[in-house]
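Visitor: Below is one structure. I have some questions about it.
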Amino acid sequence: MRDSDFDHRETAMLSLLNPLIFPLVPHHARAGLAALWQANARFALAAREGKEPVLRQIKLRWWADQLAVLKAGGWHPDPLLTSLAHDLLPHISGHELSALAEGRMAISLDGQSENCDAGALLFTMSGRMLGCDSAILVDAGQAWAGIEQALVSGDSNDWAAHQARFAGVKISELPRALAALTGLARTIARAKGRRALRREQWSILRIGLFGR
């Protein structure tokens, strides 16, 4: 496979659901974290899909309102909401999930705003599912979110600033799966957004094995 083809493959995903990263999630947390990151992907898509910002806002508001009243173990016509109700609640509250959807609203207006607060919340919730409540999750989530948005927008010129966000993130203190994801984001930042399969695979493998 050519490196130029890499961004079309699943292993290019800057997500906990990346098939090279997800196996690092302990079995007991996989269903809940899969639902959480699938929801995050759905919110990200809603924030960017279509030409009308108002319609994007309406979609995200629908998600935020549904999540705010979500009950543990409940059923919903949308399979993702049912998965969240069964596999994620009560570990994560519906109000927190609602805030995650709301965190994408700034992007839905202009397509460019960073989602650092949403990234911090996503990593904090993921860390809780993995038995970690360290404040470092906030810094890691913000740094990851900056890279995610830069890749999606495709027009970042300030890779030095993106790299600087990782300076205070001690990857070895993160749960192994989040450490691998953060390390992948850092690798991309250091390469100024240029994707390379082998380099990124090595980053995930190294952190997966050694935690740093």
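Quick note: the coordinates plus some simple rules give every number you see, no bench work behind them. Because the structure is predicted, anything quoted here is derived from the model rather than measured. So basically every Cβ, Gly included, is an ideal-geometry build from the backbone, and we count neighbours across all protein chains shown.
Visitor: Please provide three numbers in whole Å: the alpha-carbon extents of region 40-103 along the principal axes, with the largest listed first.
Guide: Result, largest extent first: 36, 21, 17 Å.
Visitor: Now for a separate question. To the nearest 0.05, how large is the calculated FRET efficiency for Val54 and Arg198 if R₀ is 41 Å and r is the Cβ-Cβ distance? Write out the running numbers ahead of the final one.
Guide: Numbers: r = 43 Å, r/R0 = 1.06.
E(calc), rounded to 0.05, equals 0.40.
Visitor: Applying 1/(1 + (r/R0)^6) with R0 = 45 Å to the Cβ-Cβ distance of Phe210 and Asp78, what FRET efficiency is obtained, to the nearest 0.05? Each step should come with its number before you reach the end.
Guide: Working: r = 40 Å, r/R0 = 0.89.
Efficiency, from the Cβ-Cβ distance: 0.65.
Visitor: Would you list the membrane-span-like helices of the chain, meaning whole DSSP H runs whose alpha-carbon atoms span at least 30 Å along their axis and whose mean Kyte-Doolittle value is at least 0.0?
Guide: Membrane-span-like by this criterion, though nothing is claimed about a membrane: 27-48.
Visitor: Right, something else. Quickly work out the Arg128-to-Val69 label distance, labels modelled 7 Å from Cα along the C-beta direction, and quote it in nm with one decimal.
Guide: According to this spin-label approximation, the distance is 2.2 nm.
Visitor: Averaged over all directions, how much area does the convex hull of the C-alpha atoms of the chain cover when projected, in nm²?
Guide: On the way: hull surface 45.2 nm².
Taking the Cα atoms of the chain, their convex hull projects to 11.3 nm² on average.
Visitor: What's the exposure ranking of Trp75, Trp144, going from fewest to most Cβ atoms within 10 Å?
Guide: Working: Trp75 10, Trp144 30.
Fewest to most other Cβ atoms nearby, the residues stand as Trp75, Trp144.
Visitor: Kindly provide the helix-only [θ] at 222 nm of the chain, computed as the sum of -39,500 (n - 2.57) over DSSP H runs of four or more divided by all residues, to the nearest 500 deg cm²/dmol?
Guide: On the way: 10 runs with 125 residues, N = 212.
-18500 deg cm²/dmol, from helical runs alone.
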